[in-house]
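Chemist: Here you go, one structure.
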Amino acid sequence: MLTFALLLVGVSLLSFLSGMLGLGAAFATIPYLSFFFTDIVREVQILGLLINGFTAISSALGFLKSGYLSKKDALALVIITSAFAPIGSYLAYLTPVVYIWTIYILAVIYLSYKMWKGSGDQREEKLSRGNLSIAILFAIPISILAGLLGVGPGFLLLPTLIMSGYSVKLAAGINAVAVSLPSFTALIPRSKDFSLLFSSMPIKLTLLVLAVTITSYFGARVTARFIKPVTFKRVFVITILAMTLIKLVQMIS
């Protein structure tokens, strides 16, 4: 019971942070979930995708309520991400675990550098739309890679949107929508394993989903009302680097 309480509290806190960033929580929760589950493909990634979907939807609602959402851009991106995420999900069963984590870590390091480097940008908090065509072009490989990693495309797509010219909070709102549906479509190739996992812990999974849905919504509302763009970028970088460092320590030890 204590173990599940630690799992619930930790995932809820990470979902709050993820909701602030409009990401879906998988990128942050997967390293944490790996402390409690041993099978990365059949347990950790499935839970990560499930949590990612519900936190992304909840975060999107939070940004929508605050007016930080371009429905047209979000719709275009969610179609792309949903279509290509299952391809990577299929590849996860064929790719050695060490390669999966190597790709994850390299992607995190690169995008963290790009985000931190641009964190001095004092762009006004207006609804500045970026280049949707560029965002869509990058969304295709991002979605495949995210399906492979089992994390949802949000942690890769968000900095791509910002670098494509979208204002920070608008990017977060669009990103939350774009990563919600592919989190569930990426579960399609894993449906058999998901059924087995759910049947073994239905009540615990339900509690997890409820907790992350609530906390991610309030995270989005906090960002929309109080967080400045420069702070947003630095929170993003610190959060994903911290979770990646935890996973690196876990892999080495």
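Chemist: Under 9 Å between Cβ atoms, at least 6 apart or on separate chains: pull out the pairs that start in region 163-175 with a residue that is under 14 Å from V230 (Cβ atoms) and surrounded by fewer than 24 Cβ atoms within 10 Å (Cβ to Cβ) and end on any residue that is of a type in the set (A, V, I, L, M, F, W, C) and at pLDDT below 90.
Modeler: S167/L127
Chemist: Quick check on my filter: what residues within region 153-206 are touching a Phe, Trp or Tyr at 6+ places or on another chain (Cβ under 7 Å) and polar (S, T, N, Q)?
Modeler: T160
Chemist: Run down S70, S59, S82 and say which single residue is in contact with a Lys or Arg (Cβ under 9 Å, 6 or more places away or on another chain) and touching a residue at least 40 places away in the same chain (Cβ under 8 Å). Steps first, answer last, please.
Modeler: On the way: S59 fails: in contact with a Lys or Arg (Cβ under 9 Å, 6 or more places away or on another chain); S82 fails: in contact with a Lys or Arg (Cβ under 9 Å, 6 or more places away or on another chain).
Just a single option satisfies the conditions, and that option is S70.
Chemist: I'd like to verify a number: residues in region 1-58 that are more than 27 Å from K233 (Cβ to Cβ) and in contact with a Ser or Thr (Cβ under 8 Å, 6 or more places away or on another chain), how many?
Modeler: 5
Chemist: What are the pairs, 6+ residues apart or on separate chains, where a residue within region 197-208 that is touching a residue at least 12 places away in the same chain (Cβ under 8 Å) has its Cβ under 8 Å from a residue that is β-branched (V, I, T)?
Modeler: L197/I46; L208/V11; L208/I51
Chemist: Give the residue, chosen from G10, G24, G48, that is in a helix (DSSP H, G or I) and surrounded by 22 or more Cβ atoms within 10 Å (Cβ to Cβ). Give the steps one after another, and end with the answer.
Modeler: Working: G10 fails: surrounded by 22 or more Cβ atoms within 10 Å (Cβ to Cβ); G24 fails: in a helix (DSSP H, G or I).
Of G10, G24, G48, the one residue that is in a helix (DSSP H, G or I) and surrounded by 22 or more Cβ atoms within 10 Å (Cβ to Cβ) is G48.
Chemist: When the residues of region 205-248 are filtered to those that are among the polar types (S, T, N, Q) and within 19 Å of G62 (Cα to Cα), which remaining residue is farthest from the chain's Cα centre (by Cα)? Let's see the steps before the verdict.
Modeler: Going residue by residue through region 205-248, those that are among the polar types (S, T, N, Q) are 206, 213, 215-216, 223, 231, 239, 244.
Keeping just the survivors that are within 19 Å of G62 (Cα to Cα) gives 213, 215-216, 223, 231.
On the way: T213: 13, T215: 14, S216: 11, T223: 16, T231: 19 Å.
Per the criteria, the residue is T231.
Chemist: Search region 200-253 for residues being of a type in the set (S, T, Y) and crowded, with 16+ Cβ neighbours inside 10 Å, and hand back the single one that is nearest to I109 (Cα to Cα). Steps first, please.
Modeler: Restricting attention to region 200-253, the residues satisfying the condition of being of a type in the set (S, T, Y) are 200, 206, 213, 215-217, 223, 231, 239, 244, 253.
Still in the list and also crowded, with 16+ Cβ neighbours inside 10 Å: 213, 215-217, 223, 239, 244.
Details: T213: 28, T215: 27, S216: 24, Y217: 27, T223: 24, T239: 12, T244: 9 Å.
So the residue we want is T244.
Chemist: Assuming A56 fulfils every condition listed in (1) surrounded by fewer than 18 Cβ atoms within 10 Å (Cβ to Cβ); (2) modelled with pLDDT of 90 or more apart from one, which condition is it?
Modeler: Exception for A56: condition (1).
Chemist: Residue by residue through region 176-189, note down the ones that are surrounded by fewer than 24 Cβ atoms within 10 Å (Cβ to Cβ) and either among the hydroxyl-bearing types (S, T, Y) or farther than 16 Å from I140 by Cβ (or both).
Modeler: Restricting attention to region 176-189, the residues satisfying the condition of being surrounded by fewer than 24 Cβ atoms within 10 Å (Cβ to Cβ) are 181, 184-185, 187-189.
Within region 176-189, F184, T185, L187, I188, P189 meet the criteria.
Chemist: Can I ask one more? Here is a check on your reading of the model: is L49 over 12 Å from the mean Cα position of the chain (by Cα), in contact (Cβ under 8 Å) with a residue 24 or more places away in the chain and farther than 23 Å from I162 by Cα?
Modeler: no
Chemist: While we're here: Can you work out which of the residues in region 95-109 that are touching a residue at least 24 places away in the same chain (Cβ under 8 Å) and within 18 Å of the chain's Cα centre (by Cα) is surrounded by the most Cβ atoms within 10 Å (Cβ to Cβ)? Spell out how you get there, then give the answer.
Modeler: Just the residues of region 95-109 that are touching a residue at least 24 places away in the same chain (Cβ under 8 Å), to begin with: 95, 97, 100-101, 103-105, 107-109.
Within this subset, residues satisfying the condition of being within 18 Å of the chain's Cα centre (by Cα) are 100-101, 103-105, 107-109.
Details: I100: 19, W101: 20, I103: 14, Y104: 22, I105: 15, A107: 20, V108: 20, I109: 13.
Among them, the one singled out is Y104.
Chemist: Same structure again: Can you name the residue in region 176-192 that is touching a residue at least 60 places away in the same chain (Cβ under 8 Å) and of a type in the set (S, T, Y) and, of all such residues, is farthest from L149 (Cα to Cα)? First the steps, then the outcome.
Modeler: Within region 176-192, the first condition is being touching a residue at least 60 places away in the same chain (Cβ under 8 Å), and the residues that meet it are 176-190.
Narrowing the set further to residues that are of a type in the set (S, T, Y) leaves 180, 183, 185.
Details: S180: 16, S183: 11, T185: 14 Å.
Once the filter is applied, the top-ranked residue is S180.
Chemist: Follow-up question, since we're still on this one. Considering only residues that are loosely packed, with under 13 Cβ neighbours inside 10 Å and not in a loop (DSSP other than H, G, I, E, B), look in region 114-136 and name the one that is modelled with the highest pLDDT.
Modeler: As a first pass, look at region 114-136 and keep what is loosely packed, with under 13 Cβ neighbours inside 10 Å: 117, 120-122, 124, 126, 133.
Right, trim to not in a loop (DSSP other than H, G, I, E, B) and you get 117, 133.
Numbers: K117: 73, S133: 93.
Only one residue fits best here, namely S133.
Chemist: Go through (1) of a type outside the set (S, T, Y); (2) in a helix (DSSP H, G or I); (3) under 23 Å from L64 (Cβ atoms); (4) modelled with pLDDT of 85 or more for G165 and report which single condition fails.
Modeler: Here G165 clears every test but (2).
The values are calculated or read from the model by the stated rules, or taken from the named source; none is laboratory data. Because the structure is a prediction, the values reported are computed rather than measured. Glycine also receives a Cβ, built like all others from the backbone with ideal geometry; neighbour counts cover every protein chain displayed.
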